[in-house]
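Just so it is clear, none of the values below were taken in a lab; they were calculated from the coordinates. Here the structure is a predicted model, which means the values were calculated and not measured. Cβ: placed from backbone, ideal geometry, glycine included. Neighbour counts: every protein chain shown.
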Amino acid sequence: MKKPCFLSLLILSLLALLGCFQSENLVFEQFELPIKISAPGMQMEESFGLEEMTQSPALKPIEENRMHKFLLPAEIEQALGLYKKSRSPELPDMEMRVSEVGHVNMPNYRLVIVMKEALKQDKRWISVIVRTFCFDGMMMGSKRLAYWNEADGTLISGSLSPDMELTLYMPDHSPGKYQIDEFGKILPLKP
């Protein structure tokens, strides 16, 4: 009689555990998938605007000692303000803020959404980037999800779905589609 009780408990425990992993929405720190981010003048239904995101008190700059977990070495150099006129008289100073929008641990990789905002010669640019990392910290993939450059007018809006499909929207272009595979590589989808 003890075996059926133990077996029932084991089955119920397994079902409860499986139920935890079959959520339709992956929860980020303050967002759920799907996530849609719009560049100015390119509003998508139910999306976050780039400008509004930069003003969110929930976004905190990434501390200097954690930047290596989110950024490439050249980006860290920029973010720390080392890319200054001292390198070249033609290059003006650049101010940059880097924030983590959210992250989620997948079975084989960690997905992170990072926002970079900079002011260069009184012109702003904002970039939201989807990045995937192995659990040892090596970057597997990186793709811009949304972008706005005030200086040259470049606009990109994008979305990331629960099935890890990235769709990028640019004025006068057909949408670009990418898939994050089970190992964290970001691959282009054929039209």
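Using packing as a proxy for protection, rank 175-183, 133-141 so that the peptide with the highest average count of other Cβ atoms within 10 Å comes first.
Details: 175-183: 15.3, 133-141: 13.4.
Going from most to least packed, we get 175-183, 133-141.
Shape summary: the range 94-191 maps onto an equivalent ellipsoid whose semi-axes, from the alpha-carbon gyration tensor, are 25, 18, 9 Å in decreasing order.
Could you pull out the pairs from Lys69/Lys190; Lys69/Lys120; Lys123/Lys190; Lys60/Lys185; Lys116/Lys185; Lys36/Lys190 whose alpha carbons sit more than 29 Å apart here? Please list the in-between numbers first.
Values: Lys69/Lys190 31 Å; Lys69/Lys120 25 Å; Lys123/Lys190 35 Å; Lys60/Lys185 27 Å; Lys116/Lys185 22 Å; Lys36/Lys190 21 Å.
As for pairs spanning more than 29 Å Cα to Cα, those are Lys69/Lys190; Lys123/Lys190.
A simple rule links phi to the HN-Hα coupling: the Karplus curve 6.51 cos²θ - 1.76 cosθ + 1.60 with θ = phi - 60°, which for the range 130-139 gives 9, 10, 10, 10, 5, 6, 8, x, 6, 6 Hz, with x for Gly and Pro. Couplings 3J(HN,Hα) of the range 107-119, computed from phi: x, 10, 6, 10, 9, 10, 10, 10, 10, 10, 10, 9, 10 Hz, in residue order, whole Hz [Karplus 6.51 cos²θ - 1.76 cosθ + 1.60, θ = phi - 60°; x for Gly and Pro]. Backbone amide hydrogens, once placed in the peptide plane, bring Thr154 within less than 5 Å of Asn149, excluding anything fewer than 5 places away on its chain.
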